[in-house]
Each structure stands twice: as structure tokens, then as C-alpha cells.
Amino acid sequence: MPDTKTNESNRELFKSMCGRIRRDGIEDLMRWLDSSDFYTAPASTKYHGAEPGGLLAHSINVYYELVKILSVYPQIKVPEESVLIAALFHDLCKVNFYKTELRNRKNEYGVWEKVEAYTVDEKFRFGGHGSKSVFLIQNFMRLTPEEAVAINCHMGLADNEYVGQAYEQHPFALFVSWADQAAAFLVESGAFADKTNSASEEPDAESRKECVV
């Protein structure tokens with residue numbers, strides 16, 4: 001059963017983070033998210049975050065992991081606004097992307113029963129994952145080249161065989177990809193016994209200053 005209290009906390013946290021973004025168009029983007037299924041959508045059909053609110057939690061987790069990674073590489077200076085935008089909006093391609101359906105599945109007693117499961121029902125087919133997120137964001141708000149590359153390439157070689165060249169030119173894009181994988185495969189998989197990300201407190205201002213300018 002999804003934790004509705006946690007999901008509401010995550011929603012408030014997400015909006016608080018987005019409140020630090022001062023770029024023209026952010027208000028329109030937030031209104032679009034409010035009208036969409038972003039806050040209740042899963043992050044995948046059956047892998048990480050396959051539950052209501054999974055996409056929201058994953059977006060927040062990517063931000064936390066990205067802040068950690070940037071703190072390890074202080075020579076790579078990234079504006080805080082870019083960190084927020086790349087992390088929180090990298091998966092907007094999954095908005096209005098999933099639906100539920102009934103499937104037959106054996107329960108713990110070996111008896112078949114009908115259960116709700118997620119499946120893909122893409123409303124707008126763009127032909128790419130990261131590129132679709134870039135397109136959707138820029139319907140409302142301009143991205144810097146660094147942000148656009150990071151979001152476009154966050155899936156790594158799974159999306160484009162030339163992504164490695166982009167990472168060489170834009171290390172921040174590589175870090176966003178790492179943060180996405182760390183959130184999905186470590187934080188959300190349960191690999192870490194102490195989950196401190198979703199619905200937790202934000203890193204304080206001093207912590208953020210250590211890794212961004």
C-alpha cells in the first residue's frame with residue numbers, strides 16, 4: 001500500500017526545492033505538473049519506484065545523490081539552479097506515460113488472483129527518453145546547454161551510442177547519469193539499509209554550497 005503521508009511530504013519538499021528556481025517559465029512548468037499525473041505516477045512499471053508517487057520520490061532522490069557526487073568533485077562547478085533543474089526534471093518524459101491494468105498473478109499460496117499492475121500507455125510519443133524530457137521542459141522554460149545535455153544523456157549508452165563524447169565535454173551530464181543510477185539501483189532498491197532520502201530533510205544550505213556555485 002502506498003504511503004500517502006510520505007507522498008504528500010515529498011510533494012511539499014519537491015515544491016520547496018523548485019521554489020529556489022528563479023528562471024522565467026518555472027511557474028508555467030509547475031502549473032503543468034499540477035495538472036498532470038507527475039505527483040502520483042510510478043517511476044517504472046515493475047523496477048524502481050513502481051508505486052504511486054514513485055516518480056516524485058525518484059526525482060528527489062536523484063537530487064540528493066547528485067549533490068553527494070558533486071561534493072566529491074569540487075573542481076566541477078555547477079550553479080545550484082542547474083543541479084535542481086537537471087535532477088528534479090530529468091524524467092518528465094514519464095509524465096502521463098503509465099496506466100494500471102488487471103493481471104493474473106499467483107499469490108503466496110499459489111492461487112491465481114487479479115492484481116493491479118502498471119503498463120506503458122504513452123500519450124505523446126517523441127522517440128527518445130532524455131530528449132523528450134528536454135522537449136517538455138523547454139515548452140515552458142529555457143535550459144542552458146549544460147542542463148540540456150545532462151537531461152538528454154542521463155540514460156547513458158542506453159539512449160545514444162555517442163553519449164560518451166558528451167560526457168567528456170560535459171562532466172555534469174555524467175554526474176546526472178550516475179545520480180540517476182545510484183537513486184534507482186541503491187537507494188530505491190533497498191540496497192542501503194538506512195534510507196535517508198525520500199521525504200527527509202533537504203541538505204542544508206552550507207552542504208549545498210560545498211558542491212555548487
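Some points to look at:
- Selection of the range 181-190 for residues being touching a helix residue (DSSP H, G or I) at 6+ places or on another chain (Cβ under 8 Å) and either of a type in the set (Asp, Glu) or in a loop (DSSP other than H, G, I, E, B) (or both) yields only 188.
- Being farther than 24 Å from residue 118 by Cβ and free of Cβ contacts under 8 Å to residues at least 40 places away in the same chain holds for only one residue in 78, 72, 67, and it is 72.
- Some residue of the range 19-28 being touching a Phe, Trp or Tyr at 6+ places or on another chain (Cβ under 7 Å) and more than 25 Å from residue 125 (Cβ to Cβ): no
- Scanning the range 146-180 for residues that are of a type in the set (S, T, N, Q), more than 22 Å from residue 28 (Cα to Cα) and in a helix (DSSP H, G or I) yields 165, 169, 177.
- The lone exception for residue 99 - which of (1) in contact with a strand residue (DSSP E or B) (Cβ under 7 Å, 6 or more places away or on another chain); (2) under 17 Å from residue 189 (Cβ atoms); (3) not in a loop (DSSP other than H, G, I, E, B) it fails: (2)
Conditions tested, residue by residue: (1) in contact (Cβ under 8 Å) with a residue 12 or more places away in the chain; (2) surrounded by 20 or more Cβ atoms within 10 Å (Cβ to Cβ); (3) over 19 Å from residue 64 (Cα atoms).
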| residue | (1), (2), (3) |
| --- | --- |
| 137 | yes, yes, yes |
| 140 | yes, no, yes |
| 144 | yes, no, yes |
| 148 | yes, yes, yes |
| 152 | yes, yes, yes |
| 162 | no, no, yes |
| 166 | yes, no, yes |
| 171 | yes, no, no |
| 177 | yes, yes, no |
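- Any hit, the range 46-62, residues being closer than 20 Å to residue 18 by Cβ, modelled with pLDDT of 95 or more, β-branched (Val, Ile, Thr) and assigned to a loop (DSSP other than H, G, I, E, B): no
- Among residues of the range 89-118, those that are surrounded by 10 or more Cβ atoms within 10 Å (Cβ to Cβ), at pLDDT 85 or above and among the β-branched types (Val, Ile, Thr), counted: 1
- Residues that are among the acidic types (Asp, Glu) and surrounded by 22 or more Cβ atoms within 10 Å (Cβ to Cβ) occur at least once in the range 58-66.
- In the range 32-52, the residues that are within 10 Å of residue 98 (Cα to Cα) reach residues that are modelled with pLDDT of 90 or more with C-beta atoms within less than 6 angstrom, at least six apart or across chains, in these pairs: 37/96; 41/55; 42/51; 42/54; 43/54; 43/55; 43/58.
- Scoring residue 74 on the criteria (1) surrounded by 13 or more Cβ atoms within 10 Å (Cβ to Cβ); (2) closer than 27 Å to residue 185 by Cβ; (3) touching a Cys at 6+ places or on another chain (Cβ under 9 Å) leaves a single failure, condition (1).
- Here residue 14 meets the list (1) of a type in the set (Phe, Trp, Tyr); (2) modelled with pLDDT under 95; (3) not in a loop (DSSP other than H, G, I, E, B) almost entirely, failing just condition (2).
- Some residue of the range 133-145 being within 23 Å of residue 28 (Cβ to Cβ) and touching a His at 6+ places or on another chain (Cβ under 7 Å): yes
Here is a yes/no grid of residues against (1) over 23 Å from residue 158 (Cβ atoms); (2) assigned to a helix (DSSP H, G or I):
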| residue | (1), (2) |
| --- | --- |
| 77 | yes, no |
| 86 | no, yes |
| 103 | yes, no |
| 116 | yes, no |
| 123 | no, no |
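The values are calculated or read from the model by the stated rules, or taken from the named source; none is laboratory data. Since the model is a prediction, treat every value here as computed from it, not as a measurement. Cβ sites come from the backbone with ideal geometry, for glycine too, and all protein chains shown count toward neighbours.
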